[in-house]
Amino acid sequence: MSEDIFSQFFNLFNNDDSDVNWELSKQINKHLNKDITEDILQLSNEQLDLNELFRFLELNINNIDGSDGHPTSVQILNPSLYGEWFLDSIQHFDFSKFSIGDLPGGMQIGSLQSSIIGMQLGNLAGMVSKNMWGLSHFGIILPQSKNLSINKNNFFARIDKFDADVNELALSLLTLEFVALSLGKYTSPFEKIIQNLEKASKEMMEGFKDLDIDPMSMTNPQDMMQSFSGLEGFDSSKMIEEIIAPLSFCRGVIKLKAKELNLIQDDTTYDLLMDLSFTQNENSLNEIENGINELDTSTDLFFDFLISSKSEYSIDDILLQKDLIPSRHEIEDPISWAARTSLPPI
């Protein structure tokens, strides 16, 4: 029976003509979440009514900008389904230009590329759903969906960390997630992640140098799966390590735009919820959390600089152009960013 399942998985991996093998990515997400039990999820209880909070949030935001690009409903999902929602919601991006290159020796990877990309995205979805409270955790401006999804275990665990009014905490965190999802209309932040995915994929393909096999003619699916590091051994955090600065910048954007809505009296609640120094769980993302946490103060000062210097670029201008998103050095030294983006070429 297990061999039949494995053969099906092999066939799924080796046969796909699209830009991304989405079905494979979903199967990997399920694999990574296989130890998490599923339960019945409800939007309200004696203390908290998320649907009521969402309607309050939706009404106030629509009164401010009247945009039709915002989510219109809220749902609570277990981690596995949250990862699947994440994958469904990033399919509006263009993956057609994403190339991981050829195998060592110039061997063409053919239809394997879509599956390798799918494997990478499946790992990303599994990482998000298992370890993060939502999109605002790392400032992931990726998905676009009319359904605002709550990652049940991590979302409520984040609220429970703080001794404050549960409704105010839930509204604040819901607002952060609402803003993050609404920003999915911008593609430039995602292009940064695509660059990192491309680099990680090419590095992974380098592993074939030492394999005495031809991956294009393999007939044993178990050997093939063990040859790829994506299922168990692939370090998902490597896809983010090199883009800590853009992620920190996007987190700052989310927090700033949430504060501008003026939905709660004390907007420092957003700072509290976003403070990664309060994340104590041991997981593969601790190093990334620490890296982003180290930049938090500098990122806040970067936005202060944008305002005080009366920069010609608004936050939305920066989100529209990948090259305007600051590097780590530029976040720590905003004047260098201004010099690069505003001064005429010599």
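Condition first: modelled with pLDDT of 85 or more, over 27 Å from Pro143 (Cβ atoms) and among the basic types (Lys, Arg). Can you find one or more residues in the range 247-260 that meet it?
If we filter the range 247-260 for residues that are modelled with pLDDT of 85 or more, which is where we start, we get 247-260.
Keeping just the survivors that are over 27 Å from Pro143 (Cβ atoms) gives none.
The answer is no; no qualifying residue exists.
Does at least one position in the range 50-70 carry a residue that is hydroxyl-bearing (Ser, Thr, Tyr), at pLDDT 75 or above and within 18 Å of Ala180 (Cα to Cα)? Walk me through how you get there before you give the answer.
Step one: of the range 50-70, the residues hydroxyl-bearing (Ser, Thr, Tyr) are 67.
Still in the running and at pLDDT 75 or above: none.
Checked the range 50-70: no residue is hydroxyl-bearing (Ser, Thr, Tyr), at pLDDT 75 or above and within 18 Å of Ala180 (Cα to Cα).
Tell me which residues, restricted to the range 318-346, are among the acidic types (Asp, Glu) and surrounded by 13 or more Cβ atoms within 10 Å (Cβ to Cβ). Write out each step before concluding.
First, pick out the residues of the range 318-346 that are among the acidic types (Asp, Glu): 323, 330, 332-333.
The answer is Glu330, Glu332, Asp333.
At pLDDT below 90, assigned to a helix (DSSP H, G or I) and surrounded by fewer than 21 Cβ atoms within 10 Å (Cβ to Cβ): is that true of Asn153 in this structure?
Details: at pLDDT below 90: yes; assigned to a helix (DSSP H, G or I): yes; surrounded by fewer than 21 Cβ atoms within 10 Å (Cβ to Cβ): yes.
Taking the combined requirement at face value, the residue satisfies it.
Mind listing just one residue for me: the one in the range 305-316 that is exposed (fewer than 15 other Cβ atoms within 10 Å of the Cβ) and in contact with a helix residue (DSSP H, G or I) (Cβ under 7 Å, 6 or more places away or on another chain) and, of those, farthest from Leu142 (Cα to Cα)? Give the derivation first.
We begin by selecting, within the range 305-316, every residue exposed (fewer than 15 other Cβ atoms within 10 Å of the Cβ); these are 307-310, 312, 314, 316.
Applying the additional criterion that residues be in contact with a helix residue (DSSP H, G or I) (Cβ under 7 Å, 6 or more places away or on another chain) yields 309, 312.
On the way: Ser309: 29, Glu312: 26 Å.
Filtering the range 305-316 for residues that are exposed (fewer than 15 other Cβ atoms within 10 Å of the Cβ) and in contact with a helix residue (DSSP H, G or I) (Cβ under 7 Å, 6 or more places away or on another chain), the one farthest from Leu142 (Cα to Cα) comes out as Ser309.
If I go through the range 252-291 residue by residue, how many of them are in contact with a Lys or Arg (Cβ under 7 Å, 6 or more places away or on another chain) and in contact (Cβ under 8 Å) with a residue 40 or more places away in the chain?
4
Any idea which residue in the range 152-194 is farthest from Pro326 (Cα to Cα), counting only those that are under 16 Å from the mean Cα position of the chain (by Cα) and of a type in the set (S, T, N, Q)?
Asn154
The values are calculated or read from the model by the stated rules, or taken from the named source; none is laboratory data. Since the model is a prediction, treat every value here as computed from it, not as a measurement. Positions of Cβ are generated from backbone atoms using ideal geometry, with glycine treated the same way; all protein chains shown enter the neighbour counts.
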